[in-house]
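Peer 1: I'd like to ask you about the structure that follows.
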Amino acid sequence: MAFTKLSVQTLGVSKGTSATSTPETDIWTVFRALRDTRSRFGLRPGHVQTLQAMLSFLKPGHGDTVFASNDAICRRIGGIDERTLRRHIDRFVELGFMKRHDSPNRKRYRVKSSEGQSISYGLSLAPLLARASELLAAAQEMENARRDRVFLRKQILTRLALLDEADPDNELTNQVRRVLRRKLSITEYRALLGKLEAHCEQMSTAVDAPDTMKLPANDGQTVRHHSKSEKELKDLKSANNDETPALQTLTTVCDQATSFATNSLRNWFDVERHARTLAPMMGIHESTFEKAARRIGSQKASCAIFIILQMSSRIRDFGAYFHSITLGCRETDFNPSLLLERLSLSEAATA
């Protein structure tokens, strides 16, 4: 519709006084705000369609009163019966969005004096315009709540992905997913998120807690010998995990990441810089990459980016997987050299 703004004119006649008007109001913006917040006022889609049809009869510069007959409004809505239209109008009047100005013969029209004063008989939408600020604020509040619910839901889904990576048979994740099928309030979403974060914290604490060894009173030398051997094996395993693969192996096997590089990757500085560029594109926040670089080293964190991109067809959530192997419970098992060797063998087998 070309028409978007209306001037609200005075009703009634008083000799010597001229019609006054309020600043122009974008009535279609007010209509959309009422449409979006209709549930607050107990309005159904049929009410909104009726109001939209009535607004379409307004003409620029002719005020905010609808002069169309009930029959004409019914036809424009799409053929509803007149009794339904009356119920809709009564509801708008009851809510204070509309006001009736009936003529003696119940017809809808406008009369003007020679001085330009006018009397309008019909359905006035001035109350709707008068409540524009209220409706716009309510619509903004609902939109903010919707965005917050979406944001919280995404956080919950991220936590679920992390738990699935760590423990696929976790019963809590199944319970939460069943709850997510319903339409939840912000409070309920926050409660779910808090429960998942607490569970993730417990799992992280349980995984990171050192194993305690009870030493018997006798055979002290034998026990100390076993303890020393276990420590050596653990140190050897850590050394193997911390071993950085050859640069040529990384760039050759992980050709997906290498193909996105604008310049040749000649050293580890180039690889790390390229990994920092790829991380946000993969949904991995810069702060997460920084934490991983401090935790396991920048070279190992860069290898994780390259390997994840190479395995993209098998990974559902890049961010969750990256967090799991660099900061989560699978950190100690992440061995870039071993993964690159497996990737090389699998690609050779499929070639």
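Bear in mind these aren't lab numbers, they're just calculated from the coordinates by the rules spelled out. What you see is a predicted model, and the numbers here were worked out from it, not measured in a lab. Cβ coordinates were reconstructed from backbone atoms using ideal geometry, including for glycine residues, and neighbour counts include every protein chain displayed.
Peer 1: From the square roots a ≥ b ≥ c of the eigenvalues of the alpha-carbon gyration tensor of the stretch 95-159, which class results: rounded (a/c under 1.5), prolate (a/b over b/c), or oblate? Mind dumping the intermediate values first?
Peer 2: Values: a/c = 6.51, a/b = 3.94, b/c = 1.65.
Prolate.
Peer 1: Based on the mean of other beta carbon atoms within 10 Å per residue, what is the order of 317-326, 277-286, most packed first?
Peer 2: 317-326, 277-286
Peer 1: Now for a different question. Spin-label point model (7 Å from Cα, Cβ direction): what's the THR277 to ALA246 distance in nm?
Peer 2: Reported label-point gap for THR277 and ALA246 is 2.5 nm.
Peer 1: Would you please put 62-68, 161-167 in order of how densely packed they are, using the mean number of other Cβ atoms within 10 angstrom per residue and starting with the highest?
Peer 2: 62-68, 161-167
Peer 1: Would you mind getting me the FRET efficiency between GLN155 and SER312? Use the beta-carbon distance for r and R0 = 22 Å, nearest 0.05. Mind dumping the intermediate values first?
Peer 2: Working: r = 23 Å, r/R0 = 1.04.
That gives a FRET efficiency of 0.45.
Peer 1: Tell me, what is the percent relative contact order of the stretch 242-351, built from C-alpha pairs under 8 Å that lie six or more residues apart?
Peer 2: Normalised by residue count, the contact order of the stretch 242-351 is 32 percent.
Peer 1: Using 0.36 nm per residue of separation minus the Cα-Cα distance, give me the extension gain between GLU94 and ARG75 in nm, one decimal. Before the final figure, lay out the partial values.
Peer 2: Working: separation 19, 0.36 × 19 = 6.84 nm, distance 2.39 nm.
Extra length from GLU94 to ARG75 when fully extended: 4.5 nm.
Peer 1: Quote the FRET efficiency, to the nearest 0.05, computed for ARG86 versus ALA191 with a Förster distance R0 of 45 Å and r equal to the Cβ-Cβ distance. Walk me through the numbers before you get to the answer.
Peer 2: On the way: r = 45 Å, r/R0 = 1.01.
The value I calculate is 0.50.
Peer 1: Taking a ≥ b ≥ c as the square roots of the Cα gyration tensor eigenvalues, with a/c under 1.5 meaning rounded and otherwise prolate when a/b beats b/c, else oblate, which class fits the stretch 90-129? Before the final figure, lay out the partial values.
Peer 2: Working: a/c = 4.63, a/b = 1.75, b/c = 2.64.
It comes out oblate by the Cα gyration axes.
Peer 1: Quote to one decimal, in nm, the extra length available between ARG44 and ARG181 on full extension: 0.36 nm per residue of separation minus the C-alpha distance between them. Mind dumping the intermediate values first?
Peer 2: On the way: separation 137, 0.36 × 137 = 49.32 nm, distance 2.41 nm.
Between ARG44 and ARG181, full extension yields 46.9 nm more.
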